[in-house]
Amino acid sequence: MVVPVAFFGLFFGYPVVAIVARGLREDGRWNLTRAGEVLTDPLTLDVLGFTLGQAAASTALTLALALPGAYVFARLDFPGKRLLRAVVTVPFVLPTVVVGSAFLALLGRGGVLETVWGVRLDTGLWAILLAHVFFNYAVVVRTVGGLWAQLDPRQEEAARMLGASRPAAWLRVTLPALAPAVLAAALMVFLFTFTSFGVVQILGGSRYATLEVEIYRQTAQFLDLPTAAVLSCLQFAAVGVLLGVHAWTVRRRESALRLVDAARTARRPRGAGQWALLWSQLAVIAVLLLLPLAVLVERSLATPDGYGLLFYRALTAEPGTGSTFVVPAVEAVGNSLAYAAVATVIAVTVGGLAAAALTRRAGRLVRGFDALLMLPLGTSAVTVGFGFLIALDEPPLDLRSAWLLVPIAQALVGVPFVIRTMLPVLRAVDERLREAAAVLGASPLRAWREVDLPLVRRALAVAAGFAFAVSLGEFGATVFIARAGTPTLPVAVARLLGRAGELNYGQAMALSTILMLVCAVGLLALERARTHSSGEF
């Protein structure tokens, strides 16, 4: 546990505390007067109200559309199911800036909706809500569907044999068993949308702002660190409460149910109702998930002279005068892959050690540590990125110009995914196998290599894949610390979208398409390695 604690203390706790202290301390003393002024400011209350409101609406809409999908993927067997499950996961690992770009191409000026029906939905609330559904559909399908597939259907069948109708049996038997998973999924969606940055930044315009966007504005545009620090503390407190409730639901789900092999519960659709449900979910996936991705590809190929590879070729051109790039934009692909590879090694090492420690120990302290490790998912990435700049700027930790800073920031986001993927598998390993190896004289390292590793290596591959994918898409912290000569893919997309001109927009679409394809290939590989016990992601 020493390595994970040291890593999070140094690269998460210290930068966050440093930026909060920088904002709330004056002349060496804490000054909380500013905190009271910010918290009672009508603008702060408006931002907080919008953040909570859009998160609640996004969560409700996502559950309404994705829960039927969770049933379809859990209990129905149909051709192409594994491929489709990988496809619906692609949006979740895409950077939010790419998701925003896709919906801008679909709903914005000159988008498909305006071209066909003359309607624009960008810079509006509906665009934000639909983008959040697009982004989080897979969270519900994987979290709820993973458990649903392993519930023993004989319990519901027994209730029906005792005289209960189908709806009554489902409400009294299946729904109570699923409730912790549904609550956990709702909390995760609420958490992701509560801290939404890229989507709201692109689609919300100047009219809408979440706490995360307001922290970015106060930090990067107005250089008002005290206000940003107070807003960060406010977001930190809200996220802490959410993660506490999430940890409680996860523990309840792990301890209360008897599960069966998921391969035994899926059947071919039977009856008009199941076929209608399957086709309705395929329609939802086609319209809400695949259409924005298809529009992204179409816009990357739509040049002024017809369809072609103009924008892709422009990515390799040397930047001209006034460009925000000092290298060809396509070099961002190589930068992202290299950074993500290093971040994956860090995340798997730290997350694997943390998961092993959580498996071997118990108690409130360990449960608190488990929840603490999830904090980077909900903490302002802007705060973390800016905290890196002001906290890690003096010897012996002067890392401002170090390339390693980017993969470290990306690994902070990847570690929670590694832990949540590895933990259920490690807890399933029979402790008696380790004890037998020890009795036979094996050292702890050899016992881990001979007992644990063969059982968890597929989950380890899945965890590494997810860490790699989320590292590719990390944007909030990287935008602060990536150097001009080595931008990552999301940073390069954001820079291109921030510049006027059709060529810049087309290149942004081309880079987004490349990133989408890289993520899709990785997720297809994950589906082949995935086991039914490979965690909640």
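The values are calculated or read from the model by the stated rules, or taken from the named source; none is laboratory data. Quick caveat, the model's predicted, so the values are computed rather than measured. With ideal geometry, Cβ positions are generated from the backbone for all residues, glycine too; neighbour counts draw on all protein chains shown. These area figures cover heavy atoms from the full protein model, side chains too; ligands, DNA and RNA do not enter into them. Shrake-Rupley method; radii C 1.70, N 1.55, O 1.52, S 1.80 Å.
Any idea how many residues of the range 82-119 are of a type outside the set (Val, Ile, Thr), free of Cβ contacts under 8 Å to residues at least 12 places away in the same chain and at negative phi?
Taking the range 82-119 as the starting set, the residues that turn out to be of a type outside the set (Val, Ile, Thr) are 82-86, 91-92, 94-95, 100-111, 113-114, 117-118.
Restricting the remaining residues to those that are free of Cβ contacts under 8 Å to residues at least 12 places away in the same chain gives 110, 113-114, 117-118.
Narrowing the set further to residues that are at negative phi leaves 113-114, 117.
Of the residues in that region, 3 qualify.
Suppose the filter is in contact (Cβ under 8 Å) with a residue 60 or more places away in the chain, open to solvent by less than 20 Å² (accessible area, probe 1.4 Å) and either closer than 22 Å to Gly385 by Cβ or among the basic types (Lys, Arg) (or both); does Val20 pass it? Walk me through how you get there before you give the answer.
Numbers: in contact (Cβ under 8 Å) with a residue 60 or more places away in the chain: yes; open to solvent by less than 20 Å² (accessible area, probe 1.4 Å): no; either closer than 22 Å to Gly385 by Cβ or among the basic types (Lys, Arg) (or both): yes.
Criteria not met by Val20.
Within the range 271-287, does at least one residue satisfy the condition of being modelled with pLDDT under 85 and either assigned to a helix (DSSP H, G or I) or more than 23 Å from Phe135 (Cα to Cα) (or both)?
In the first step, residues of the range 271-287 are kept if they are modelled with pLDDT under 85; the result is 271.
Imposing the further condition that a residue be either assigned to a helix (DSSP H, G or I) or more than 23 Å from Phe135 (Cα to Cα) (or both) reduces the set to 271.
Yes, some residue in the range 271-287 is modelled with pLDDT under 85 and either assigned to a helix (DSSP H, G or I) or more than 23 Å from Phe135 (Cα to Cα) (or both).
Where the second residue is in a loop (DSSP other than H, G, I, E, B) and not acidic (Asp, Glu) and the first is modelled with pLDDT under 75 and open to solvent by less than 40 Å² (accessible area, probe 1.4 Å) and lies in the range 511-537, which pairs have Cβ atoms under 9 Å and are six or more apart or on separate chains?
Close Cβ pairs satisfying both conditions: Leu526/Ser534.
I'd like the full set of residues that are aliphatic (A, V, I, L, M), part of a loop (DSSP other than H, G, I, E, B) and crowded, with 16+ Cβ neighbours inside 10 Å, limited to the range 103-121.
First, pick out the residues of the range 103-121 that are aliphatic (A, V, I, L, M): 104-107, 112-113, 116, 119, 121.
Now restrict to residues that are part of a loop (DSSP other than H, G, I, E, B): 119, 121.
Residue satisfying the conditions is Leu121 alone.
Within the set of pairs 6+ apart or on separate chains, which have a first residue in the range 339-351 that is closer than 16 Å to Arg458 by Cα and open to solvent by 10 Å² or more (accessible area, probe 1.4 Å), a second that is hydroxyl-bearing (Ser, Thr, Tyr) and assigned to a helix (DSSP H, G or I), and C-beta atoms under 7 Å apart?
Going by the 7 Å Cβ cut-off, the qualifying pairs are Thr344/Ser471.
Give the range 486-505 a look and list any residue that's within 17 Å of Phe103 (Cβ to Cβ) and open to solvent by less than 10 Å² (accessible area, probe 1.4 Å), or say none.
Within the range 486-505, Pro490, Val493, Leu496 qualify.
Conditions tested, residue by residue: (1) of a type in the set (Lys, Arg); (2) out of contact with any His (no Cβ under 8 Å at 6 or more places or on another chain); (3) within 24 Å of Thr96 (Cβ to Cβ).
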| position | (1), (2), (3) |
| --- | --- |
| Ala181 | no, yes, no |
| Leu191 | no, no, yes |
| Gly198 | no, yes, yes |
| Ile202 | no, yes, yes |
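What is the residue count in the range 495-510 for residues that are at pLDDT below 80 and in a helix (DSSP H, G or I)?
1
With (1) in a helix (DSSP H, G or I); (2) open to solvent by 70 Å² or more (accessible area, probe 1.4 Å) as the list, and Pro79 as the residue in question, which single condition is left unmet?
(1)
Looking at Leu440, Leu433, Leu423 in this structure, which one is surrounded by 13 or more Cβ atoms within 10 Å (Cβ to Cβ) and more than 22 Å from Leu373 (Cβ to Cβ)?
Values: Leu440 fails: surrounded by 13 or more Cβ atoms within 10 Å (Cβ to Cβ); Leu423 fails: more than 22 Å from Leu373 (Cβ to Cβ).
Going through Leu440, Leu433, Leu423 in turn, just one is surrounded by 13 or more Cβ atoms within 10 Å (Cβ to Cβ) and more than 22 Å from Leu373 (Cβ to Cβ): Leu433.
Filter the range 124-177 down to the residues that are more than 30 Å from Phe92 (Cα to Cα) and among the acidic types (Asp, Glu), then identify the one that is least open to solvent (accessible area, probe 1.4 Å).
In this case the residue turns out to be Glu156.
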